[in-house]
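Down below is the structure, laid out as C-alpha cells.
The values are calculated or read from the model by the stated rules, or taken from the named source; none is laboratory data. Model, not experiment: these values are computed from the prediction. FYI the Cβ positions are ideal-geometry reconstructions off the backbone, even for glycines, and counts take in every protein chain you see.
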Amino acid sequence: MATPTMRSNAHGMVWYSRVPGFVLCAVIAFLCSGCLALVVGAAGGAAGAVYVMGKLKDEMSYEVSVMHNATVAALAELELKLLEDKVDKLSAHVESEFSDGEHVWIDLESISDSRTSLTIRVGVTGNEVRARKIYDAIKRHLS
C-alpha cells in the first residue's frame, strides 16, 4: 500500500495526497458490495450451468415449452417416472424420483420470449452428479 505523500502548496501548507486512500476505499467497497460476486457469477454463467447451494442452474435460449418437452424426454430417457408435471406459457414444474427414492425437482421459468431459466435439484441437500446427468440429458434433447 502506498503511503501518503507530504507536499507543500503555494502558501507553504503541508498536505497529504489522498489518492491512494480513495483508491483503497473504492476497491474495498467494490469487494464488499457483492459486485465482484456478480462479475464472477456472470462469467461462470456464460460457461454453462452453475451448481450453487444444492441446485444446478442455467439460462438457455429456448422457450419454456421447448425446454419442458426436452425435460420430459430426458427423464424418460433416464427411466425416471414423472410424479408431477405442471406447465403453462411462462413456467413449468416437474418432479420425479430415482429408484432409490431420491427426489428430483426441475423448475423452468421464462426470462424473455426465447430465454428460460432452468433449475434442477436432486435430493433434499442436493446431488450434483445426478443433477448434471439430468442436465446433460435435457441438453441432448434440445439439439
### Query
Which residue, of V72, V129, is outside any loop (DSSP other than H, G, I, E, B) and either in contact with a Ser or Thr (Cβ under 9 Å, 6 or more places away or on another chain) or closer than 18 Å to Y51 by Cβ (or both)?
V129
### Task
Determine the pairs where a residue that is in the same structural domain as R115 (by TED's automatic domain parsing) and part of a strand (DSSP E or B), located within the stretch 45-65, has a partner that is modelled with pLDDT of 95 or more and of a type in the set (F, W, Y) with Cβ atoms under 8 Å apart, the partner being 6 or more residues away or on another chain.
L56/Y135; D58/Y135
#### Entry: Residue within the stretch 123-143 that is surrounded by fewer than 13 Cβ atoms within 10 Å (Cβ to Cβ) and hydroxyl-bearing (S, T, Y) present
yes
### Subset of the stretch 84-122 [without any contact (Cβ under 8 Å) to a residue 40 or more places away in the chain, not in a strand (DSSP E or B) and not acidic (D, E)]
K89, L90, F98, S99, G101
### Message
Looking at the structure I just gave you, is E63 closer than 18 Å to A137 by Cβ and either modelled with pLDDT under 60 or of a type in the set (D, E) (or both)?
### Response
no
### Query
If you go through the stretch 117-137 one residue at a time, do you hit one that is at pLDDT below 95 and of a type in the set (V, I, T)?
yes
